[in-house]
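The values are calculated or read from the model by the stated rules, or taken from the named source; none is laboratory data. Just so we're clear, the structure is a prediction, and the values are computed from it rather than from any experiment. Glycine gets a Cβ as well: all are built from the backbone with ideal geometry, and neighbour counts include every protein chain shown. All accessible areas refer to the heavy atoms of the entire protein, side chains included, with ligands and DNA or RNA removed. Shrake-Rupley method; radii C 1.70, N 1.55, O 1.52, S 1.80 Å.
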Amino acid sequence: MNKYELAVVVNAKIEDDARTATIEKVKEYITRFGGTITNVDDWGKRRLAYEIQKMREGFYYFIQFEADSTCPAEVERRVRIMENVIRFLCVRPEA
């Protein structure tokens with residue numbers, strides 16, 4: 001099992017419950033493909049470094065999880081097409 005961190009930036013213009021549902025869906029994808037979530041950091045609303053899809057702000061979430069090497073690719077495939085996710089990045093932090 002490898003450790004991974006998934007950074008997700010969610011659209012700031014959606015309702016709180018829709019934003020929560022989006023993050024729950026991402027967490028569901030991680031567990032569906034054999035991952036175990038260890039920590040979820042909610043950084044709240046932050047200003048983006050540059051404008052993305054005519055938006056200047058987004059909600060930042062960092063999800064740490066442990067999984068096999070195939071899990072991140074499967075999660076990324078599904079997160080990529082999620083409507084409310086502006087940007088995402090999955091990395092394997094150095095130990």
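List of remarks:
- Count of lysine pairs in the chain with Cα separation under 19 Å (8 or more residues apart, or interchain): 5
- Residues considered: Tyr50, Tyr29, Tyr60. Largest GNM mean-square fluctuation over the chain, using C-alpha springs under 10 Å, is found at Tyr50.
- The chain: relative contact order in percent, alpha carbon pairs under 8 Å with at least 6 residues between: 48 percent
- Exposure check, 1.4 Å probe, all protein chains in place: Leu89 carries approximately 110 Å² of accessible surface.
- Pairwise label distance in nanometres, Asn2 with Arg92, each label 7 Å out on the Cα-Cβ vector: 0.2 nm
- Between Glu83 and Lys13, the simple spin-label model (points 7 angstrom out along Cα→Cβ) gives 1.3 nm.
- Length released on extending from Glu24 to Tyr50, taking residue separation times 0.36 nm less the Cα-Cα span: 6.7 nm
- For the stretch 72-87 and the stretch 32-53, distance of Cα centres in Å: 11 Å
- Accessible surface of the chain [probe 1.4 Å, protein heavy atoms]: carbon and sulfur percent: 46 percent
- Per residue accessible area of the chain, 1.4 Å probe, in Å²: 64 Å²
- In this structure, Asn39 and Ala73 have a Cβ-Cβ separation that, at R0 = 30 Å, corresponds to a calculated FRET efficiency of about 0.90.
- Vicinal HN-Hα couplings computed from phi for the stretch 2-9 (Karplus, 6.51 cos²θ - 1.76 cosθ + 1.60; Hz; Gly/Pro x): 9, 9, 9, 10, 10, 9, 10, 10
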